[in-house]
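Following this message is one structure expressed as structure tokens.
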Amino acid sequence: MRLQSILKPGTTVSFREAVDQGIAEDGGLFMPVEIPRLSEGFVASTRSMTFQEIAFDVARCLLEDEIPVGEIRRIIEKSMSFPVPIRILDERTSVLELFHGPTLAFKDFGARFMAHTMAYLHRNDTEERTILVATSGDTGSAVAHGFHNVQGMKVYLLYPSRRVSAIQELQLTTLTGNVTALEISGSFDDCQRLVKEAFADKELSRTKRLTSANSINVARLFPQTFYYFNAYARRLEGGRPVVFSVPSGNLGNLTAGLLAWRMGLPADRFIAATNLNDVLPRFLESGVFAPAQSIATISNAMDVGNPSNFARIMYLFDGNVKDLRCVLSSASYSDVDTQRMIVEQFKKNQYILDPHGAVAALALHHYFETEKREIDGIILETAHPAKFIDIYEDWMKKAIEVPERLRTMMQGTKHSIRLSATFDDLKTILMST
Ligand SMILES: *Cc1c(COP(=O)(O)O)cnc(C)c1O
């Protein structure tokens, strides 16, 4: 696979180079020069395939010119090692549960795939690489768990002290071994600044072989295509047009869906469901992309005012908004609407949505109201409700089953190193290990 910066098409890099660089030298995101297509018969044959088998075939289609097939299989086995069930809510609505990974959110797909892919790409390195991540919560824990015990990788997480939830903090700090949590006396912005300074420090970035596990890395984008094919396979039997409703923030999940569509996924439409951070729905309406300050909501993993993957979506559609509108709708919902949908689904179907999935459910329901056709709607449920237990009223809290792996984590011991928000302190720690 050859990839290029979406800012300056023409100069191409290999998949390995794109993974190592994360972002192109000109600051652009990487995208494939040509999007590979799965064979005609592939989708029909997925009906009898497991998620892991589907993931393997899609990964092979993307990467087999750079990674031997046997290694792709091993990467899939190690990284996609949890179930991706689909639950039927009613005759036209189902929920694709993407929260069965170690940190109970869909970012596990990207983080784990990236970790095992990097371990393969750097299998012959003699020195360790140092992964540095600033996190305000979920991304960092997915990366930490993804890279935990992966050979040749040492992970440092920088998180703002007292500014992440209790569950998030435990997810960040209960791992040991090759993962170290750095608790910074400062804000998330301080953490990001420190990471930037570290990468800019020539001595540090060379001697410690600093590597980013940023969310815009292609190794995190590609594996998110797998579960769209899996969901489609599970609904093939119905024979109706399939619409995906995607809870959207930085638009990585949505971009992967659209990429899957370009690879041959016969989806009828995608709906980008947003909370009050509504840059995308406003763009689809007006044709003007106007980034804004982010607004805090209960679906906080989608509180993004300037989604970085927007540029990738435009790349996929050659900048043509009209074409984009043919496959993509988008709508925005308030916290009040979101809470209402959670209660409604619980009463109607005894199913407890998390706030992100609830935003997707709202968007899908509104879409049903505008469409006369028979459609099969699939909600992407991106997190387990137990991760957001604080937003539920007491009578519902009782109904939420806390998964075993979360309970174990909650009994774990916090390990962190407290640091000031100054670069010298960070450098001292990194150089001393
Ligand atoms: C990150 C995240 C999202 C948003 O996904 P994007 O790819 O950034 O659009 C939605 N839900 C949950 C639970 C998340 O962690």
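Scan segment 379-412 residue by residue and report those that are at pLDDT below 95 and either among the polar types (S, T, N, Q) or under 29 Å from D190 (Cβ atoms) (or both).
Once the filter is applied, which keeps residues that are at pLDDT below 95 and either among the polar types (S, T, N, Q) or under 29 Å from D190 (Cβ atoms) (or both), segment 379-412 yields K387, F388, I389, D390, I391, L406, T408, M409, M410, Q411, G412.
Residues of segment 37-56 being surrounded by fewer than 18 Cβ atoms within 10 Å (Cβ to Cβ) and of a type in the set (G, A, S), which ones?
Across segment 37-56, the qualifying residues are S39, G41, A44, S45, S48.
Filter segment 232-266 down to the residues that are in contact with a Leu (Cβ under 9 Å, 6 or more places away or on another chain) and assigned to a loop (DSSP other than H, G, I, E, B), then identify the one that is farthest from the ligand (Cβ to nearest atom).
My answer is G264.
Let me ask something else about it. Taking the options D354, D376, name whichever one is open to solvent by less than 30 Å² (accessible area, probe 1.4 Å), more than 15 Å from the ligand (Cβ to nearest atom), touching a helix residue (DSSP H, G or I) at 6+ places or on another chain (Cβ under 6 Å) and not aliphatic (A, V, I, L, M).
Among D354, D376, only D376 is open to solvent by less than 30 Å² (accessible area, probe 1.4 Å), more than 15 Å from the ligand (Cβ to nearest atom), touching a helix residue (DSSP H, G or I) at 6+ places or on another chain (Cβ under 6 Å) and not aliphatic (A, V, I, L, M).
Could you list, in sequence order, the residues of segment 391-433 that are open to solvent by 40 Å² or more (accessible area, probe 1.4 Å), outside any strand (DSSP E or B), touching a helix residue (DSSP H, G or I) at 6+ places or on another chain (Cβ under 8 Å) and among the hydrophobic types (A, V, I, L, M, F, W, C)?
The answer is A399, V402, M410, M431.
Go through segment 208-231 and count every residue that is more than 12 Å from the ligand (Cβ to nearest atom), outside any helix (DSSP H, G or I) and either within 22 Å of S332 (Cβ to Cβ) or of a type in the set (A, V, I, L, M) (or both).
Selection size over segment 208-231: 2.
Is it the case that segment 187-207 has a residue that's open to solvent by 40 Å² or more (accessible area, probe 1.4 Å) and not in a helix (DSSP H, G or I)?
There is no residue in segment 187-207 that is open to solvent by 40 Å² or more (accessible area, probe 1.4 Å) and not in a helix (DSSP H, G or I).
Would you mind telling me which numbered condition in (1) of a type in the set (S, T, Y); (2) more than 16 Å from the ligand (Cβ to nearest atom); (3) crowded, with 18+ Cβ neighbours inside 10 Å S286 fails?
(3)
Look at segment 100-132 and say how many of its residues are within 15 Å of the ligand (Cβ to nearest atom) and either surrounded by fewer than 24 Cβ atoms within 10 Å (Cβ to Cβ) or of a type in the set (S, T, N, Q) (or both).
Of the residues in that region, 3 qualify.
Do you know which residues across segment 1-39 are free of Cβ contacts under 8 Å to residues at least 24 places away in the same chain and in a helix (DSSP H, G or I)?
Result: E17, Q21.
What residue, among those in segment 290-308 that are open to solvent by less than 50 Å² (accessible area, probe 1.4 Å) and over 26 Å from I391 (Cβ atoms), is modelled with the highest pLDDT?
Here the answer is A290.
A further question follows. Across segment 379-390, which residue is farthest from the ligand (Cβ to nearest atom) among those that are in a strand (DSSP E or B) and not small (G, A, S)?
I379
While we're looking at this one, here's another question. Give me the residue from segment 239-281 that is without any contact (Cβ under 8 Å) to a residue 40 or more places away in the chain and either touching a Cys at 6+ places or on another chain (Cβ under 9 Å) or over 14 Å from Y227 (Cβ atoms) (or both) and, out of that set, surrounded by the most Cβ atoms within 10 Å (Cβ to Cβ).
V279
The values are calculated or read from the model by the stated rules, or taken from the named source; none is laboratory data. Predicted model, so just to flag it, every value in this text is computed and none were measured. Heads up, the Cβs are rebuilt from the backbone with ideal geometry, glycines too, and the neighbour counts pull from every protein chain shown. Accessible surface areas use protein heavy atoms only, side chains included; no ligands, DNA or RNA. Shrake-Rupley method; radii C 1.70, N 1.55, O 1.52, S 1.80 Å.
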